[in-house]
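The values are calculated or read from the model by the stated rules, or taken from the named source; none is laboratory data. Note that the structure is a prediction, hence the values are computed from the model and not measured. Cβ placement follows ideal geometry from the backbone for every residue including glycine, while neighbour counts extend to all protein chains displayed. Side chains are part of the model used for accessible areas, which takes the heavy atoms of the whole protein and leaves out ligands, DNA and RNA. Shrake-Rupley method; radii C 1.70, N 1.55, O 1.52, S 1.80 Å.
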Amino acid sequence: MQANPLLRLEKISKSFGHVQVIHDVTVDVHPGRVTVLLGENGAGKSTLIKMIAGVHAPSGGRILVDGAEVRIPDTKASEALGIATIHQELNLVPSMTVAENITLGRTPRRFGVINRRRMRAIAREALATIGLDVDVDTPVGDLGIARQQLVEIAKALSLDARILILDEPTAALTTSEIKALFDVVRDLKARGVGMVFISHHLDEIAEIGDDVNVLRDGEFVARVPADTHEDELIRLMVGRSIDKQFPREPSPAPAGAPVQLDVSALEAPGLGPISLQVRPGEVVALAGLMGAGRTELLRCLAGADAYTSGRVEVRGERLAPYDVAAATAAGVGHVPEDRKMQGLVLDASVAENIGYATVRSTSRFGLVDRKGQRRRASAVAERLRIRMDSIDQPIRSLSGGNQQKAVFGRWFTAGSKVLLLDEPTRGVDVGAKVEIYELINEITADGGCVLMASSDLPEVLGMADRILVMSQGRIAGELPAESATQDSIMQLAVSNVNRDEEPANPQGATA
Ligand SMILES: Nc1ncnc2c1ncn2[C@@H]1O[C@H](COP(=O)(O)OP(=O)(O)OP(=O)(O)O)[C@@H](O)[C@H]1O
Ligand SMILES: [Mg+2]
């Protein structure tokens, strides 16, 4: 192929303290091609790209741009080399507006004064490239995670880079936004931009990737073309094959079992009225487009947000609104969409993060049962194969997918009977997804139930017993999982729910 790659990582190594996480890895990025990094959670993908982005310095090896060795001591140096990076964990400043975030570090000025008009214009233009329609004066913290991700993408694109690095850019996006992003990627390819792409969705790799570099435990395993069969990619990255990606074992409730979760006429600004019931043993999926109201509904049910009217009952007991502690005490567990802001205490240890929901129930005479906490956390960490050096290390230093597994592990350990999951496998690798699904099977076999918002349609079809499709803050209809298809879900998701009429399938929606 081309003589000089646009970017070369040559025999790169990286250690944190005494732990080496990258071993002698070489990766090339060519103009007009998408280089994929593939590997399990904790394999070292993000660490590798952080060395290109100027976040971490390599412990060994060289980085070359156009064949010449470069040093990238900080993010400014990376940008100056024509490299733009979309990080896995968002880097936006929540209190600043969309326009301020997009122009951060290169705020347009006139006679020394911030030129707000120009700033807004740059931001609007950036948003237009990916078709995102938000007011550029909105504080970023007011946007949902998908819109924040799109702002981050728009920001990177507006840098006009020659090398674009995308670390799981699609994890928080739904089908239509992914399509818009991929259209941009194809356009950049045609313009000769070299890209690095990371995703746990193997179908996306086939769709826009060119060369796939497989990593395992920080070591280079193989370089294969992107149209390599999925089973082979899985075998290369996991080191074994996986027979069933969706091992759902339905566990129907015994006749006459009381409803676990009963929601009637719940209304909040932009949401509802919503009525639904989830029975013991059921996995019910919430599907829908960005902004359909799935996250908001789950947050109301978890006590994380207030609602204006309606009633939520767990096993026949009314749940106090806007009261997380009451929800937890009633056995309601919530895996939020934004693990970094809402799910984790980043500087606390893995054991503490997993133990938060059980601190009170396991304390004796006001003393936290630290030994028990560590033991329970270790057990669930092993089941979910959370990759770490120690259960006592701060959760901040775990890879993104491993952090997500820890949030799920918390509620599994707590023995929650009603699990509210918002994109539970976001950023989780194919092998660990199966572990999460198996824990879901255990929870439902044990009489628990799951209400799960997911934008991953294969996951919805593969794991749910029933699918509720939301649109414009309401339930647009219900589909039984056996007969649903991606198309039938999408059709309902884009349907216009007339707010004055009943939803398409009122019986179904509450059955
Ligand atoms: N700052 C740090 N201190 C200590 N260890 C770290 C640090 N950053 C990353 N690691 C470790 O390096 C390894 C690789 O992590 P990395 O984030 O690169 O994985 P990844 O392949 O991106 O995984 P994921 O798919 O979950 O995002 C992990 O074991 C992680 O715990
Ligand atoms: Mg990562």
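Some notes on this structure:
- In straight-distance terms, cross-link reach from Lys189 covers every one of the lysines whose alpha-carbon lies under 29 Å from its own, apart from those fewer than eight places away in the same chain; here that gives Lys11, Lys45, Lys50, Lys76, Lys155, Lys179.
- Maximal additional length on extending the Ala257-Ala222 stretch stands at 7.4 nm, based on 0.36 nm per residue less the C-alpha distance.
- Using the alpha-carbon positions of the chain, Rg (one decimal) and Dmax (whole number) come out as 23.2, 75 Å.
- Across region 190-233, the residues whose backbone nitrogen lies under 15 Å from the label position 7 Å along the beta-carbon direction of Ser241 are 229-233.
- Three principal axis extents of region 345-413 based on alpha-carbon atoms, in descending order, are 36, 22, 17 Å.
- Were the residues from Ala348 through Asp231 laid out at 0.36 nm apart, the gain over their Cα-Cα distance would be 38.4 nm.
- 3J(HN,Hα) couplings calculated from phi for region 128-136 with the Karplus curve 6.51 cos²θ - 1.76 cosθ + 1.60 (θ = phi - 60°) are, in sequence order, 5, 4, 10, x, 8, 10, 9, 5, 5 Hz; Gly and Pro show x.
- Couplings 3J(HN,Hα) of region 11-18, computed from phi: 6, 7, 10, 8, 10, 10, x, 8 Hz, in residue order, whole Hz [Karplus 6.51 cos²θ - 1.76 cosθ + 1.60, θ = phi - 60°; x for Gly and Pro].
- Ordering of 23-35, 415-427 by burial proxy (mean other Cβ atoms within 10 Å per residue, highest first): 415-427, 23-35
- Intensity falloff of region 193-278 expressed as log10 I(q)/I(0), Debye formula with alpha-carbon point scatterers, at q = 0.11, 0.18, 0.24 Å⁻¹: -0.61, -0.80, -1.27
- Highest average first, the peptides 153-162, 232-241 ordered by how many other beta carbon atoms sit within 10 Å of their residues are 153-162, 232-241.
- Distance between modelled label sites at Ala57 and Glu249, nm, 7 Å Cα→Cβ extension: 5.3
- In a fully extended conformation the segment linking Asn4 and Asp183 would gain 61.7 nm over its present Cα-Cα distance, using 0.36 nm per residue.
- Surface composition of region 5-108: carbon and sulfur atoms hold 50% of the protein heavy-atom accessible area at a 1.4 Å probe.
- Per residue, the chain exposes 43 Å² of solvent-accessible protein surface, assessed with a 1.4 angstrom probe and all protein chains in place.
- Packing-based ranking, highest mean first, of 388-396, 63-71 given that Cβ atoms within 10 Å are counted: 388-396, 63-71
- FRET E, pair Arg117, Ala265, Förster distance 45 Å, beta-carbon r, rounded to 0.05: 0.45
- Given R0 = 22 Å, the distance between the Cβ atoms of Asn91 and Thr26 translates into a calculated FRET efficiency of 0.20.
- Here the Karplus curve 6.51 cos²θ - 1.76 cosθ + 1.60, taken at θ = phi - 60°, turns the phi angles of region 110-121 into couplings of 9, 6, x, 9, 4, 8, 5, 4, 5, 4, 5, 5 Hz, with x standing for Gly and Pro.
- Selection from Asn441, Ala226, Ala84 lying farthest towards where the dipole of the chain points positive, charges on Cβ: Ala84
- With each label modelled as a point 7 angstrom along the Cα→C-beta vector, the Lys11-Ala306 pair spans 6.3 nm.
- Helical mean residue ellipticity (222 nm; -39500 (n - 2.57) per DSSP H run of 4+; nearest 500) of the chain: -9500 deg cm²/dmol
- Pair-distance profile P(r), taking every C-alpha pair of region 7-238, with 10 angstrom steps and integer %: 8, 32, 35, 19, 5, 0
- The fraction of accessible area contributed by carbon and sulfur in region 293-396 is 51 percent, rounded to a whole number (1.4 Å probe; ligands and nucleic acids excluded).
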